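J.: The structure's right below; bear with me while I get my questions together.
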Amino acid sequence: MVEQKSYSGYGLTLIPLTKEDLPTILKWRNDERVLKYMMPSTPQNLFSITFWFNSMKKRTDHRAFMIISDDTNEKIGFIEFKNIHPEKGEGGTASFLNPELIGKGVGMRLNFLKEKVYFDLGVSTIIVYLRNVNDRNIHIWERLGAKYIGMKDDFKIYESTRETRYDAIDVISKERGYYDEWRLFRESVMK
Ligand SMILES: CC(C)(COP(=O)(O)OP(=O)(O)OC[C@H]1O[C@@H](n2cnc3c(N)ncnc32)[C@H](O)[C@@H]1OP(=O)(O)O)[C@@H](O)C(=O)NCCC(=O)NCCS
């Protein structure tokens, strides 16, 4: 089992996913507001998600977390980091929120916090596959300066580099009132 740590910042905390969380993420993932953007976009069941959890736990190229709101101490979403290749500096990520909380600004803040995880994992370039109907997520990645690479089936593929993301987060974190916190992190990793 890969040892996992927790991460905090921007009003959010990421804690390692446990088996007890599976019914909750199953409920969120099967909700039509989330399901249509997932890969695969078919409903899962407890058996399939438990199988996924058990196989993922053994992998060194994967990390999965529940997202906690520091304000309410409630679990509000799920995030995974996958295909982590520190030797190439590359990785990927996917996340979904409790569908009731979509569109309230959590996703952008989560992107600030993700940088702590990427840094620890040795990931700087992120390859993202976005369903081409997922306008919200496409908007988020484009705001982060991700470069469009091309299409595969109904997915748009983007490449996102650390330098470009950091420059974008400089701007967005100012808008959202998190610039001081972000700047401290940025300076600490650039030493
Ligand atoms: C993707 C997800 C995690 C983002 O989190 P979120 O809290 O909903 O996102 P935010 O509210 O922080 O940001 C939404 C941004 O998209 C923009 N947006 C919202 N709806 C949009 C739309 N239909 N078209 C374009 N942009 C849109 C908002 O204006 C905002 O941009 P801004 O910060 O520049 O103003 C969340 O929406 C989610 O769980 N979606 C379902 C699952 C999913 O798509 N996962 C990603 C694929 S793995």
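The values are calculated or read from the model by the stated rules, or taken from the named source; none is laboratory data. Worth saying up front: this structure is predicted, and the values here are computed from it rather than measured. FYI the Cβ positions are ideal-geometry reconstructions off the backbone, even for glycines, and counts take in every protein chain you see.
J.: Of all residues in segment 2-34, count the ones that are part of a helix (DSSP H, G or I) and over 20 Å from Trp52 (Cβ atoms).
T.: 2
J.: Quick test for you: out of Glu87, Glu115, Glu100, pick the one residue that is over 19 Å from Tyr37 (Cα atoms) and surrounded by fewer than 16 Cβ atoms within 10 Å (Cβ to Cβ).
T.: After applying the criteria, what remains is Glu87.
J.: Return yes or no: is Phe185 at pLDDT 95 or above, under 17 Å from the mean Cα position of the chain (by Cα), part of a helix (DSSP H, G or I) and not β-branched (Val, Ile, Thr)? Quick ask: steps written out before the conclusion?
T.: Values: at pLDDT 95 or above: yes; under 17 Å from the mean Cα position of the chain (by Cα): no; part of a helix (DSSP H, G or I): yes; not β-branched (Val, Ile, Thr): yes.
The answer is no for Phe185.
J.: Given (1) under 22 Å from Val133 (Cα atoms); (2) part of a helix (DSSP H, G or I); (3) modelled with pLDDT under 95, identify the lone condition not met by Ser41.
T.: Every listed condition holds for Ser41 apart from (2).
J.: Do any residues in segment 58-73 that are within 8 Å of Leu12 (Cα to Cα) and among the acidic types (Asp, Glu) have Cβ atoms under 7 Å from those of residues that are modelled with pLDDT of 95 or more and assigned to a loop (DSSP other than H, G, I, E, B), where the two are at least six apart or on different chains, and which pairs are they?
T.: Asp70/Gly11
J.: Could you tell me whether any residue of segment 67-77 is under 17 Å from Phe155 (Cβ atoms), in a loop (DSSP other than H, G, I, E, B) and either at pLDDT 95 or above or more than 13 Å from the ligand (Cβ to nearest atom) (or both)?
T.: No, segment 67-77 contains no residue that is under 17 Å from Phe155 (Cβ atoms), in a loop (DSSP other than H, G, I, E, B) and either at pLDDT 95 or above or more than 13 Å from the ligand (Cβ to nearest atom) (or both).
J.: Looking at segment 13-41, which of its residues are more than 11 Å from the ligand (Cβ to nearest atom) and under 16 Å from Thr93 (Cβ atoms)?
T.: Within segment 13-41, Leu14, Pro16, Leu17, Ile25 qualify.
J.: So is Tyr148 modelled with pLDDT of 95 or more, at negative phi, of a type outside the set (A, V, I, L, M, F, W, C) and outside any helix (DSSP H, G or I) or not?
T.: Details: modelled with pLDDT of 95 or more: yes; at negative phi: yes; of a type outside the set (A, V, I, L, M, F, W, C): yes; outside any helix (DSSP H, G or I): yes.
Taking the combined requirement at face value, the residue satisfies it.
J.: Scan segment 2-9 and tell me whether some residue there is out of contact with any Leu (no Cβ under 9 Å at 6 or more places or on another chain), charged (D, E, K, R) and within 15 Å of the ligand (Cβ to nearest atom).
T.: Scanning segment 2-9, I find no residue that is out of contact with any Leu (no Cβ under 9 Å at 6 or more places or on another chain), charged (D, E, K, R) and within 15 Å of the ligand (Cβ to nearest atom), so the answer is no.
J.: Still on this structure, please answer the following. Take the residues in segment 78-134 that are β-branched (Val, Ile, Thr) and not in a strand (DSSP E or B); name whichever of them is modelled with the lowest pLDDT.
T.: Start the filter on segment 78-134 by keeping residues that are β-branched (Val, Ile, Thr), which leaves 79, 84, 93, 102, 106, 117, 123, 125-128, 133.
With not in a strand (DSSP E or B) added as a condition, the list becomes 102, 106, 117, 123, 133.
On the way: Ile102: 97, Val106: 96, Val117: 97, Val123: 96, Val133: 93.
My answer is Val133.
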